[in-house]
Amino acid sequence: MGRPDPEEGRLPAPVKPPDGGWGWIVLLGCFVITGFSYAFPKAVSVYFKELMKDFHVGYSDTAWISSIMLAMLYGTGPVCSIMVNQFGCRPVMLIGGLLASSGMILASFTTNIIELYLTAGVLTGLGMALNFQPSLIMLGTYFDKRRPLANGLAAAGSPVFLSSLSPLGQVLLEKFGWRGGFLIMGGLLLNCCTCGAVMRPLDMGMKRKMEKAQDKYEAKEMLPIGGKSEEGISSADGTKKAKKAKKKPKKGKKLLDFSIFSNRGFIIYTISKFILVLGLFVPPILLVNYAKDTGVPDTEAAFLLSIIGFIDIFARPACGMVAGLKWVRPHVAYLFSFSMLFNGLTDICSARASNYTGLVIFCVFFGISYGMVGALQFEVLMAIVGSQKFSSAIGLVLLIEAFAVLIGPPSAGRLVDALKNYEVIFYLAGSEVVLSALFLAMATYCCLNRGKKKEPPPEKNPSVGGGSDTEEAESDVQEAEEHSSDNHQPVHSTDNAVVVASEEANHVAEEQSGEGGGCPEGDGEVLARDGCNADQMVERDRF
């Protein structure tokens, strides 16, 4: 179905993702937002030693800054979903960029650690959360066929920014101190506002077309065409009122859609992600200390994280390209399970690594598997719930992941302190990741088998959110155009032509009523095919 001319008064069905065009600008913005959201809490750790000296606190006290940022990023997911559903992605992202920037700027003037928690932790974390989630939603609306590749490219922002923000933070710390560094970092976060400004909604063009079509219809109805036009206007007004009455109850549903919990695929995905997060972040957090305990020098131990980040940069787009292949995309959930299984087995096999060469090999395979997980996690969620419910789904998933983030790494640290043995921690973390992979694969297989036996007709599953409103808007305009075509007569036609046309229309109506066919009002194209609009056709020929 092509894109109709707006002058004809018709609107397209729900907008199809362009898979390109302005979508590449949206992808660039999502790349920047993802980089800031995931890399910034880690890059802030460069300033921790100076903060410990100035505020006379311990490392655990300063580490709470990054923890609060991550907690706000994950824990405020439902709040972000409600704001996006209520106000749209672009306004939420603009507000988020201002909050993130103001948090770091205010943090540069703080005098104690509590003020840092409230500014750099709460304000900046909330601002990044209000940017991260809407950017993923916009990415899903602009890409469909190329969505796996787009998700992979956007996810690559995390390792790219991590490898650049940390050295930049060190340079700023040496030249301007931590206060000057925080101030400049706050200025950099204003780029989130720029990224939010490019998130142009797809339905803006549709609204403009609908307004033009409505104006044209109203202009036609204002022409002096006699009593029949008055009947058409009254019937059109009645149709509009009925449509408005149907639309009014739907306006209250757009806060947070809990109906996604009735989706078995979403439940399976949420449980597997919770188990995954318990062990996914443990190895990179403990890797440097693990290497130091095995006798690796400090500089070489720190370089191990750089190896993971470098491999991760290329692994995410490559995995996105593979996931976008025609024969892979229908089974992307199993590819996600494989990536988690690969990551878990890498943790288990590296538990006995006792030299630097073994740790480098571990970092290479961990970077590949970690990049695969990062590229596929949101693509699988989009495939399960669809783009219309994704805004609510990602908010609820991030909230559940927040609990896992607060449980997994801290528990691993306590076990290290108690057991003084990193090998057990790697075994435990790897086992959790493997368990999540097996659960997702087996549960998805069972769910798909049940779904094949009960295939509901697609017509009975209306889309939720913007799609249904779009279809109703389209029907409004189409009915308006149909009424105008049924009731409108050319003002330049003679009175005889009008009389002849009306007589012929009455004759056709009598014949159809005698045969029991009838001529229902407002059926548009069907009426034109059956001859119920013969008066217009005769009149146009005479004209």
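Counting charges near L278 (Lys, Arg +1; Asp, Glu -1) among other residues having Cβ under 13 Å from its Cβ returns a value of -2.
Site pair K145 and D298 shows an inter-label distance of 5.5 nm when each label is modelled 7 Å from Cα along Cα→Cβ. Counting only protein heavy atoms and a 1.4 Å probe, the stretch 258-450 has 44 square angstrom of accessible area per residue. In whole percent, and with a 1.4 Å probe on the protein chains, what portion of the accessible area of the stretch 72-173 is carbon and sulfur? Ligands and nucleic acids excluded, carbon and sulfur give 75 percent. Of the accessible area of the stretch 258-450, computed with a 1.4 Å probe over protein heavy atoms only, carbon and sulfur atoms account for 71 percent.
Local charge for I384 was computed over the other residues whose Cβ lies under 12 Å away, with Lys and Arg +1 and Asp and Glu -1, and equals +2. Once you sort the root eigenvalues of the Cα gyration tensor of the stretch 17-204 as a ≥ b ≥ c, which label holds: rounded (a/c under 1.5), prolate (a/b larger than b/c) or oblate (the other case)? Prolate, because a/c is 1.5 or more and a/b exceeds b/c. Please state the shape class of the stretch 258-450: rounded when a/c is under 1.5, otherwise prolate if a/b exceeds b/c and oblate if not, all from the C-alpha gyration tensor. Note, shape of the stretch 258-450 comes out prolate.
I'd like to check one number: the per residue accessible area of the stretch 17-204, probe 1.4 Å, reported in Å² as a whole number. List each step's numbers first, then the result.
On the way: 7150 Å² over 188 residues.
Value returned for the stretch 17-204: 38 Å² of accessible area per residue.
Counting Lys and Arg as +1 and Asp and Glu as -1, each charge on the Cβ, what is the dipole of the stretch 258-450 about the Cα centre in debye, to the nearest 20? Don't jump to the answer; show the numbers that get you there.
Working: 11 positive and 10 negative charges, 142 e Å.
Magnitude of the dipole: close to 680 debye.
Going highest first, how would you order 117-130, 314-327 by mean Cβ packing within 10 Å? Please report the intermediate quantities before stating the final value.
Working: 117-130: 24.9, 314-327: 18.6.
The most tightly packed comes first, giving 117-130, 314-327.
The values are calculated or read from the model by the stated rules, or taken from the named source; none is laboratory data. Since this is a predicted model, take the numbers as computed values, not measurements. All Cβ positions, even for glycine, are placed from backbone atoms using ideal geometry, and neighbour counts span all protein chains on display. The area values use the complete protein model at the heavy-atom level, side chains included, leaving out ligands, DNA and RNA. Shrake-Rupley method; radii C 1.70, N 1.55, O 1.52, S 1.80 Å.
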